[in-house]
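Presented below is the structure to which this report refers.
Every number in this text was worked out from the coordinates using simple rules, so none of it is lab data. No experiment lies behind these values; they were computed from the predicted model shown. Here the Cβ positions follow ideal geometry from the backbone for every residue, glycine too, while neighbour counts run over all protein chains shown.
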Amino acid sequence: MNARTLLGALALIVIALLVWELRWVLLVLFGAIVLAVSLDVPITLLRRFLPLQRPAALTLVVVVMLVIGGWVGLQLLPELLEQIQQLVGLVPQLSARLSVLLRQQPALANLEHELLAGNLLDRLQPLGAQVLGVAGGAASLTMQLLLMALLAALLALDPRSHQRLLVAATPSFYRPRMRLLLAECRQALGGWLAGMTVSAVTVFLSTWLGLHLLGVPLALLSSLVCGLLTFVPTIGPTAATLLPMAVASLMSPEKVLQVLALRLVLQNAEAFILTPLLLSRTVNLLPTVSLMAQLSLGALLGLPGLLLALPLVVVLQVVGQEVLVHDIMDRWSPDPVAIAALDE
């Protein structure tokens, strides 16, 4: 191993350690890029029809989003708050129902006694530290979201300057490819955002209609949770089904089966028909790749990593296709001597 190889290996190790130490900063930056792309899509469409500068177009887009969001909030917020209060009131009933179901199972008959066994004070002592940890985490998450929104606005105001900065940081022979790579990453990310937004709205409306027809309480709240968790494929829709099923369990076992059947139909229609049709031209992720990405980033970075796993994989797929496959693998010149040795 020569000095150049050793120096390169040490540089890679230092860069890897630096990236790991700055992982939360990079995560906030990538989240800001995702938000900036979501703002850039309507800005680009708006500037095609109106002679507006980018700051004016961004202001108009934000104002329209706030107006639409405010109108939707005024229409849905009173009922949503009422259903949240109902959910809080139903929690004791759900707990009692779960306790009854556990007692009916022979293998779980002594679970409650085992959980309460021992010194209760020793079990409650860590509770204060956990509450403080949750409060600190919520404050940190709020600051990260505000910083992410600010960075997204700055990126959306002048994306070309940031693109030129990245292009200038690459070798001169690769700059045309870098411009193409950035354009394809933006297109793929914008297509994923548009497709998932349409899919989430469709899931929200169809679940709301289905639960309303079944007469299940808290239909709006359950449908909103199902729609939001659509942005977390594979894991999100399954977790979102727990709330309407828990509410339906207070009514009857038949209602639970009806809610489960409804969610299975809608979830499979969204996963195998709607989302593939919406993303077929921009993103084609294998289910195993998306699931492993969510599990890996969720284990490393928690909930923020889980939420940003799919857009990150979308970008990495474009980078891998253009750089690893097209620029390296497709241009790899075989060694005639090595090939002859293998043939022998």
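Summary table
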quantity	calculated
Alpha-carbon gyration tensor eigenvalues x 5, square-rooted, for region 175-329, Å	36, 15, 12
13 Å cut-off, amide nitrogen to a point 7 angstrom out along LEU209 Cα→Cβ, residues in region 254-291	266
Proxy reagent accessibility, fewest Cβ within 10 Å first, across ASP330, ASP40	ASP330, ASP40
Segment HIS162-VAL319, extension gain: residue separation times 0.36 nm, minus the distance between their alpha carbons	54.7 nm
Residue order, fewest to most beta carbons within 10 Å, for ILE84, ILE273, ILE235, ILE43	ILE273, ILE84, ILE235, ILE43
Nitroxide proxy distance, nm - points 7 Å out along Cα→Cβ at PHE272 and ILE328	3.6 nm
Gain upon complete extension [GLN53, LEU295; 0.36 nm per residue less C-alpha separation]	83.0 nm
Kirkwood hydrodynamic radius (C-alpha pairs) into Stokes-Einstein, region 171-258, 4 °C and 1.567 mPa s, D in µm²/s	86 µm²/s
Whole-number Å³ per residue for the convex hull built on Cα positions in region 225-310	95 Å³
Cβ-derived FRET efficiency at R0 25 Å, LEU146 paired with ILE68, nearest 0.05	0.70
Surface/4 of the Cα convex hull for region 262-316, nm²	4.3 nm²
Full-extension gain in nm, GLU254 to LEU77, via 0.36 nm per residue minus C-alpha separation	60.7 nm
Two-decimal log10 I(q)/I(0) for region 1-75, as the Debye equation yields it once each C-alpha is a single scatterer, q = 0.13, 0.19, 0.20 Å⁻¹	-0.63, -0.87, -0.91
Under 14 Å, Cβ to Cβ, from LEU46 - net charge with Lys/Arg +1 and Asp/Glu -1	+2
